[in-house]
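The values are calculated or read from the model by the stated rules, or taken from the named source; none is laboratory data. Just so we're clear, the structure is a prediction, and the values are computed from it rather than from any experiment. No Cβ is skipped: glycine too gets one built from the backbone with ideal geometry, and neighbour counts run over all protein chains shown.
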Number of protein chains: 2
Amino acid sequence: MRLIVPIPEYCIACGSALQQQIPEGEDRLRGVCPDCGEIHYRNPKVVVGTLIESEDQVLLCRRAIEPAEGLWTPPAGFLEMGESMAAGAARETMEEACADVEIVRPFARIDLTRIGQVHQMFLARLNDPGIGAGTESLEVKWFPWDQVPWSELAFPVVEWVMRLRMEDLDTDQHRIHHGCLHWLEVGSPMSLESYDLSDLQSLSLIP
Amino acid sequence: MRLIVPIPEYCIACGSALQQQIPEGEDRLRGVCPDCGEIHYRNPKVVVGTLIESEDQVLLCRRAIEPAEGLWTPPAGFLEMGESMAAGAARETMEEACADVEIVRPFARIDLTRIGQVHQMFLARLNDPGIGAGTESLEVKWFPWDQVPWSELAFPVVEWVMRLRMEDLDTDQHRIHHGCLHWLEVGSPMSLESYDLSDLQSLSLIP
């Protein structure tokens with residue numbers, strides 16, 4: 001699945017070639033169909049996933065597919081039509097880690113403005129001890145928090161979410177995090193240093 | 001702007017008529033292009049908005065457009081590519097209520113599974129006292145919380161968010177809410193009673 005929302009060139013309703021226009025009452029270019037009038041909006045997509053914890057360990061999947069094949073990530077994927085965020089996160093966890101989880105609570109919500117994604121990660125725990133590599137994973141493994149493979153994490157957003165969680169565990173804080181990974185348009189988009197962490201709010205919860 | 005994510009019938013990359021197929025490695029039907037192979041995913045869209053409070057009052061807009069023309073809602077709209085949720089909420093507030101706001105904190109995140117939307121509402125306050133009706137609003141008005149026009153609110157999600165906020169104000173609680181409005185497929189989709197409020201978590205914050 002491609003990560004970035006594609007730019008439509010043809011009309012999804014009638015197949016005609018689109019024109020880039022600013023529709024009446026709007027302020028930016030959209031793909032507009034000259035034949036049927038359909039306006040094609042491009043909007044960010046939602047990614048949902050889980051941080052699964054058990055006895056000071058966290059469950060990670062090693063990706064079997066590009067991008068970031070061979071690198072580690074918590075289970076996560078695109079929210080589908082008709083499902084809640086919590087249900088989507090549990091579904092992705094079953095698909096990628098063959099793990100049946102209970103959602104504990106929302107943990108971090110992060111905007112990825114470069115690629116038009118909104119990530120919502122939940123804390124979760126296993127309903128059943130069985131785990132295994134799904135079709136998109138090479139392997140699935142428990143990592144003690146002090147042995148997380150930081151240099152082999154798949155994406156900057158993964159590193160950010162996991163560092164926030166480790167900070168909370170180290171300092172015995174219960175927090176919920178909202179923020180934005182805004183790409184600075186220099187450096188590698190796979191490096192955390194290429195981003196400004198804007199709009200970050202870490203709110204402390206009553207445990 | 002239509003509320004529900006449209007079903008693609010033609011390929012956005014080449015204009016060919018799509019076929020409904022289950023792509024390899026997937027588990028559900030997608031629109032697949034028989035000519036260029038493009039797979040068309042339909043995913044939920046993100047709506048961002050603000051609850052603006054000042055001296056026990058909340059700012060509402062009366063909608064100038066369908067759906068729910070003439071009814072009241074906090075400023076909200078679709079998140080655009082390239083903007084953070086907080087920036088999108090502030091932009092929508094400027095567009096609909098001509099109001100320059102500071103985002104205080106995330107307040108409620110609600111999935112609308114019937115129409116494929118994820119709503120994120122923020123608490124906000126004015127940077128400047130000026131307000132006014134934008135092109136999509138008939139009027140913009142401060143309502144004391146005990147005079148909110150409950151029977152004239154635009155959407156069930158608006159009623160739910162505002163009732164959660166009023167409950168928090170009445171009981172002097174600082175909370176952050178996550179949940180899902182799951183339509184029961186009976187009754188009117190404009191009535192709160194037609195929904196199951198699933199996955200609801202109201203987490204108490206340290207003020």
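So, in region A:99-116, how many residues would count as being assigned to a strand (DSSP E or B), touching a helix residue (DSSP H, G or I) at 6+ places or on another chain (Cβ under 9 Å) and within 10 Å of chain B (Cβ to nearest Cβ)?
Looking only at region A:99-116, we keep the residues that are assigned to a strand (DSSP E or B), and these are A:101-112.
Filter once more, so that each one left must be touching a helix residue (DSSP H, G or I) at 6+ places or on another chain (Cβ under 9 Å): A:101-103, A:106-112.
From what's left, within 10 Å of chain B (Cβ to nearest Cβ): A:103, A:106, A:109-112.
Counting residues in region A:99-116 that are assigned to a strand (DSSP E or B), touching a helix residue (DSSP H, G or I) at 6+ places or on another chain (Cβ under 9 Å) and within 10 Å of chain B (Cβ to nearest Cβ) gives 6.
For B:R28, the requirement of being surrounded by fewer than 21 Cβ atoms within 10 Å (Cβ to Cβ) and within 20 Å of B:A89 (Cα to Cα) is not met. Could you list all residues from region B:129-146 that are in contact with a strand residue (DSSP E or B) (Cβ under 9 Å, 6 or more places away or on another chain) and either exposed (fewer than 15 other Cβ atoms within 10 Å of the Cβ) or part of a strand (DSSP E or B) (or both)? Result: B:P129, B:G132, B:S137, B:L138, B:E139, B:V140, B:K141, B:W142, B:F143, B:P144, B:W145. Scanning region B:1-32 for residues that are more than 10 Å from chain A (Cβ to nearest Cβ) and more than 19 Å from A:T135 (Cβ to Cβ) yields B:L3, B:Q19, B:Q20.
Residues in region A:36-66 that are surrounded by fewer than 17 Cβ atoms within 10 Å (Cβ to Cβ), within 14 Å of chain B (Cβ to nearest Cβ) and modelled with pLDDT of 95 or more: A:A64 only.
Scanning region A:154-178 for residues that are touching a Ser or Thr at 6+ places or on another chain (Cβ under 7 Å) and part of a strand (DSSP E or B), which turns out surrounded by the fewest Cβ atoms within 10 Å (Cβ to Cβ)? Here the residue is A:R175.
The set of residues in region B:67-94 that are within 12 Å of chain A (Cβ to nearest Cβ), surrounded by fewer than 19 Cβ atoms within 10 Å (Cβ to Cβ) and over 16 Å from B:K45 (Cβ atoms) contains only B:M94.
When B:P207 is tested against (1) within 20 Å of A:D199 (Cα to Cα); (2) away from every other protein chain (no Cβ under 13 Å); (3) in a loop (DSSP other than H, G, I, E, B), only condition (2) is not met.
Kindly establish whether A:E96 is among the acidic types (D, E), in a helix (DSSP H, G or I), in contact with a Ser or Thr (Cβ under 7 Å, 6 or more places away or on another chain) and farther than 20 Å from A:L169 by Cβ. Spell out how you get there, then give the answer.
On the way: among the acidic types (D, E): yes; in a helix (DSSP H, G or I): yes; in contact with a Ser or Thr (Cβ under 7 Å, 6 or more places away or on another chain): yes; farther than 20 Å from A:L169 by Cβ: yes.
Yes: the conditions hold for A:E96.
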